[in-house]
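Only one structure is covered here, and it is reproduced in the block below.
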Amino acid sequence: MNVQAAHTEAPVAHETRYLKNCWYAAWWSNDLPVGEIKARTILNQPLAFFRSADGVAHAVADRCSHRLAPLSMGKLLANGHLRCCYHGLEFDKDGHCVVNPHTPGVAPNTRLDIPSYPLVEKHGMVWVWLGEAEADVTLVPDYKCFDGADERHMSKRDYLRLEAETSLVVDNLLDLSHIAFLHDGILGDSAKADADIKVENTGDAIVVSRFNTDATIPGIFAEFWPDPPKLVDKGTAIRWTAPSNLLNDTGVWRQGTDRSTGTGFYGAHILTPETDETTHYFFAAVRWNVRTQGETDLRIQKNLNEMRRFAFEMQDAPVIEAQQRRMKAPSAPKPLFLSIDVGPVQYRRILERMLRAEDAPAQG
Amino acid sequence: MNVQAAHTEAPVAHETRYLKNCWYAAWWSNDLPVGEIKARTILNQPLAFFRSADGVAHAVADRCSHRLAPLSMGKLLANGHLRCCYHGLEFDKDGHCVVNPHTPGVAPNTRLDIPSYPLVEKHGMVWVWLGEAEADVTLVPDYKCFDGADERHMSKRDYLRLEAETSLVVDNLLDLSHIAFLHDGILGDSAKADADIKVENTGDAIVVSRFNTDATIPGIFAEFWPDPPKLVDKGTAIRWTAPSNLLNDTGVWRQGTDRSTGTGFYGAHILTPETDETTHYFFAAVRWNVRTQGETDLRIQKNLNEMRRFAFEMQDAPVIEAQQRRMKAPSAPKPLFLSIDVGPVQYRRILERMLRAEDAPAQG
Amino acid sequence: MNVQAAHTEAPVAHETRYLKNCWYAAWWSNDLPVGEIKARTILNQPLAFFRSADGVAHAVADRCSHRLAPLSMGKLLANGHLRCCYHGLEFDKDGHCVVNPHTPGVAPNTRLDIPSYPLVEKHGMVWVWLGEAEADVTLVPDYKCFDGADERHMSKRDYLRLEAETSLVVDNLLDLSHIAFLHDGILGDSAKADADIKVENTGDAIVVSRFNTDATIPGIFAEFWPDPPKLVDKGTAIRWTAPSNLLNDTGVWRQGTDRSTGTGFYGAHILTPETDETTHYFFAAVRWNVRTQGETDLRIQKNLNEMRRFAFEMQDAPVIEAQQRRMKAPSAPKPLFLSIDVGPVQYRRILERMLRAEDAPAQG
């Protein structure tokens, strides 16, 4: 893929720095159908996404090199070329300008080429690589818990757009302590705020976890587990990996045993900065140790998605967006980090170290 | 009250300067019911207002010290504490953080405290003090004409939000000459534009007044006065006191006598800057020497409010907001002040003197 | 007219430079009826347009010199004066303040005068002159093809407002090559993209033209020409003159002859910058060598307008506005001009030369 072409653009000065040599979620695979050109801005860059006839996904800069008209307003031709709606220039999947209809018989000048970006499709997601280093498919974030899952055991692959910078959403997710308050009665219980929260730092991942023993089974899990024990142990662990990929593992099991005796779900929270002040939020859940079947599975599928979407859209998003507005106000004081913010503090340190490494001159 | 806490925030540089050591109208008392947390920005500062169980009103900064979530999105507990919706920190009426549920058994660090602001409730209004000097209840603006008034002789305590800086609204009110034109046929008469306007400056108040003799009785007053004389003397005086509190006294009386032989109303116009470009406008009217009773009073009550609201919302507001847009345009010339602007010029001078005094270092 | 008064305003620093000593289209004559004051911003300046009782059109700055209230919110008096809605100051057609109702018997100070701008009405259009040089009526853009035209042979004098800077709209119009793609099937045919395009530069005008021989008659012209030849020659020429006035001449005729044997239409595209990022777009068409009559004329009149409005509003405008947004993005590369952009490149050179001449100190 034509990553080099990206460098023909002047570097942009944004206050917000982003890790570039990594994969960012761009689309749930099933939201990018064959035959369409879809526009999405990622890290402030307008991109056009499309599939060639073989179903392979591609991404190029969403502007014609001629007069900057968005290619996403153009046509995807049968041969897989994008044709600009304005003057008919055609670009292939690598961003090469392959047809200039106004100079028939003459190959288009290579300075008409536009940047293209490596994509990889894995775990039901189209990922894009915006960095200058060679795209490394071994670095795709690990969501293999979704691979080969029975669709009836998964909630909808869903999406929200938040009017807040990505770091505030990561903070929210990596902070289990807010669940007891913001999601009181749905995902948490404000009477249980003081449960012990543990933070593990493996150097390139953070795992924040929390366990309760002797708990009554919470609403959603009572549905997961017909004829459950009266009291259970329960736990949630959420893992962050750079730049902003999270996965929670939440479940209940027989007291004094381990999760293999119970049931639960993995929840993906995959975040991609759209701009410095807005975030693409991809989410989905998949159950493990499924103990139900038939219509119960379908009802749980629906409920699990509705509960999570309600929590994110109606409870998290309004607070995070208000927080962003407060932080942007001219008189805003600095936030104060507390003991519960060990997760957010530690992931920021890892990210800062990775940003410095990316900025450092490569050693030959 | 915890005024000192306010100083933990960095000073803000705004182009617009505001008098700080004075009372600003925040809410009509009956718009701040027990049991609710209400958000309102005053002088660019987001504030949360609420009442404790004893009915006393309080104001704190509308952002949790932890991650800046608005406290107005949280809960007012039975004990009078505000609980942040995000992580459950609790604050008392003085802005002290009294509960951090994530460190049970440990008193919250005092750096979690947030600013609180003195409030006083008087003349049916909740007033807030944002300055650094000690709040002085003797400085509450004088609207005692409303105290103990029969509600049937008052118009609704009403409110408008204007997309214009407060000084333009003060100019509008302190300038009786516009009434003949902008409110022609409702409050004024463009044929009477040249009536003599008098300006008194007492050093800390401005009174602009205007009297006509041998006048026919205007519409609204004909309703006030059953069986009135054929011709009357009539007059309006409007008083400004700092920073932006106005009161008009408008009436008609028997020719050659004084107001005690007639009838009229006081009109409050109480202005509070929301931001540098928007204004809270509180207004209400109360009649004096009431000469009617029963259903006539109720009809007048309704008409008086409707007439004033129409004049302010449909006539004044659109012009003042357009004026603001014109003044903000890049090519805008400076406004020119005319003879009719003596009131506006003089109040600006008093305010300028008060602002300089407030900025001056205090003498020990 | 009182052009000098315009200089009492401070000069404005805009990044975009505009030719000033020329005529800009302000209103189609029939959109400025007697008895109304109409507001329109031109070259970032808010203007108030109105007609005196004799029908002559006038323009003054749309803000009272006193407190900058828009005069377009005021009243047009029977004597042709504009009365400000706020305090009743009156201005004549030359911007002189002629009445200050608050100083009866005293002539208003001349510093109350506001700028007025020369207008001329020609070719069914009201034109305004914003420059410092004396307005020169011989410089009115030539649209005499509309003079005395039978209304049934004209399409509606129509108007669009575009969220894009004027130069992008000129580029669009002066570039015949986009028609084959953007207007494929309506005005053009993408199979014919390689037709030869010719550019003539007369020093103060650019004419871009394109001819096809052996063409089948396109849709709209089949209606123009009952019982037409099977094959025709067809052509379009579009002329630009400064600052942004365009006229196309499009028709079909018998093969190997000239246009006098066929039929076609002139299309006016008259562009006026509203602000640095928005454009007033006036358009209309008039047929030549009309070969139809009666109800056919009325049907063509309707169709010709609908087809052109659809092409401009639904095809050109969205692309040009998207182009503007892409150009404004922080990471936007520069557009690349191709062989098809000879017209746009050459008109920019002429305009640049005229701007430099206007900036140069006049030689005595």
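Table for the structure above
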{"read-out": "Selected residue (only one of A:ALA317, A:ALA311, A:ALA322, A:ALA360 is surrounded by fewer than 14 Cβ atoms within 10 Å (Cβ to Cβ), of a type in the set (A, V, I, L, M, F, W, C) and either farther than 30 Å from B:LEU47 by Cβ or under 25 Å from the mean Cα position of the chain (by Cα) (or both))", "value": "A:ALA360"}
{"read-out": "Any hit, the range A:228-235, residues being in contact with a Leu (Cβ under 9 Å, 6 or more places away or on another chain) and either part of a strand (DSSP E or B) or within 21 Å of A:LYS20 (Cα to Cα) (or both)", "value": "no"}
{"read-out": "Subset of the range A:254-312 (residues that are among the charged types (D, E, K, R) and in a strand (DSSP E or B))", "value": "A:ARG254, A:GLU274, A:ARG287"}
{"read-out": "Lone unmet requirement of (1) in contact (Cβ under 8 Å) with a residue 24 or more places away in the chain; (2) closer than 30 Å to C:VAL232 by Cα; (3) surrounded by fewer than 20 Cβ atoms within 10 Å (Cβ to Cβ); (4) not β-branched (Val, Ile, Thr) for C:GLY267", "value": "(3)"}
{"read-out": "Tally of residues being under 30 Å from A:ASP136 (Cα atoms) and more than 9 Å from chain C (Cβ to nearest Cβ) across the range A:103-113", "value": "2"}
{"read-out": "Count - residues of the range B:310-328 that are touching a strand residue (DSSP E or B) at 6+ places or on another chain (Cβ under 9 Å) and within 7 Å of chain C (Cβ to nearest Cβ)", "value": "1"}
{"read-out": "Filter pass, A:MET154 being in contact (Cβ under 8 Å) with a residue 40 or more places away in the chain and closer than 22 Å to A:THR279 by Cα", "value": "no"}
{"read-out": "Residue that is farthest from the chain's Cα centre (by Cα) [pool: residues in the range C:42-65 that are crowded, with 24+ Cβ neighbours inside 10 Å and facing chain B (nearest Cβ under 10 Å)]", "value": "C:SER65"}
{"read-out": "Residues within the range A:330-349 that are within 7 Å of chain B (Cβ to nearest Cβ) and assigned to a loop (DSSP other than H, G, I, E, B), tallied", "value": "7"}
{"read-out": "Every residue from the range A:107-122 that is crowded, with 18+ Cβ neighbours inside 10 Å and not in a loop (DSSP other than H, G, I, E, B)", "value": "A:LEU112, A:SER116, A:TYR117, A:LEU119"}
{"read-out": "Selection status of A:VAL60, within 26 Å of C:ALA164 (Cα to Cα) and among the β-branched types (Val, Ile, Thr)", "value": "yes"}
{"read-out": "Filter result for A:CYS97 (touching a Phe, Trp or Tyr at 6+ places or on another chain (Cβ under 6 Å) and closer than 30 Å to C:ASP316 by Cα)", "value": "yes"}
{"read-out": "Some residue of the range A:3-21 being at pLDDT 95 or above and small (Gly, Ala, Ser)", "value": "no"}
{"read-out": "Qualifying residue in the range A:76-89 (condition: within 25 Å of the chain's Cα centre (by Cα) and in contact (Cβ under 8 Å) with a residue 24 or more places away in the chain)", "value": "no"}
{"read-out": "Subset of the range B:69-95 [surrounded by fewer than 19 Cβ atoms within 10 Å (Cβ to Cβ) and more than 13 Å from every other protein chain (Cβ to nearest Cβ)]", "value": "B:ALA78, B:ASN79, B:GLY80, B:ASP94"}
{"read-out": "Boolean, B:ALA39 is part of a strand (DSSP E or B) and more than 11 Å from every other protein chain (Cβ to nearest Cβ)", "value": "no"}
{"read-out": "Qualifying residue in the range A:89-106 (condition: among the acidic types (Asp, Glu) and outside any loop (DSSP other than H, G, I, E, B))", "value": "yes"}
{"read-out": "Residue that is surrounded by the most Cβ atoms within 10 Å (Cβ to Cβ), among those in the range A:170-206 that are at pLDDT 95 or above and within 9 Å of chain B (Cβ to nearest Cβ)", "value": "A:ASN172"}
{"read-out": "Tally, over the range A:289-307, of residues that are in contact with a strand residue (DSSP E or B) (Cβ under 6 Å, 6 or more places away or on another chain) and of a type outside the set (S, T, N, Q)", "value": "2"}
{"read-out": "Test: residue in the range C:284-300 that is aliphatic (A, V, I, L, M), in contact with a Phe, Trp or Tyr (Cβ under 9 Å, 6 or more places away or on another chain), surrounded by 17 or more Cβ atoms within 10 Å (Cβ to Cβ) and within 30 Å of C:THR16 (Cβ to Cβ)", "value": "yes"}
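This table checks each residue for (1) in contact with a helix residue (DSSP H, G or I) (Cβ under 9 Å, 6 or more places away or on another chain); (2) of a type in the set (Phe, Trp, Tyr); (3) assigned by TED's automatic domain parsing to the domain that holds C:GLY188.
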| position | (1), (2), (3) |
| --- | --- |
| C:GLY262 | yes, no, yes |
| C:GLU277 | yes, no, yes |
| C:ARG287 | yes, no, yes |
| C:LYS302 | no, no, yes |
| C:GLN323 | yes, no, yes |
| C:TYR347 | yes, yes, yes |
| C:MET354 | no, no, yes |
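The values are calculated or read from the model by the stated rules, or taken from the named source; none is laboratory data. Remember, it's a predicted structure, so these values are computed and weren't measured experimentally. All Cβ positions, even for glycine, are placed from backbone atoms using ideal geometry, and neighbour counts span all protein chains on display.
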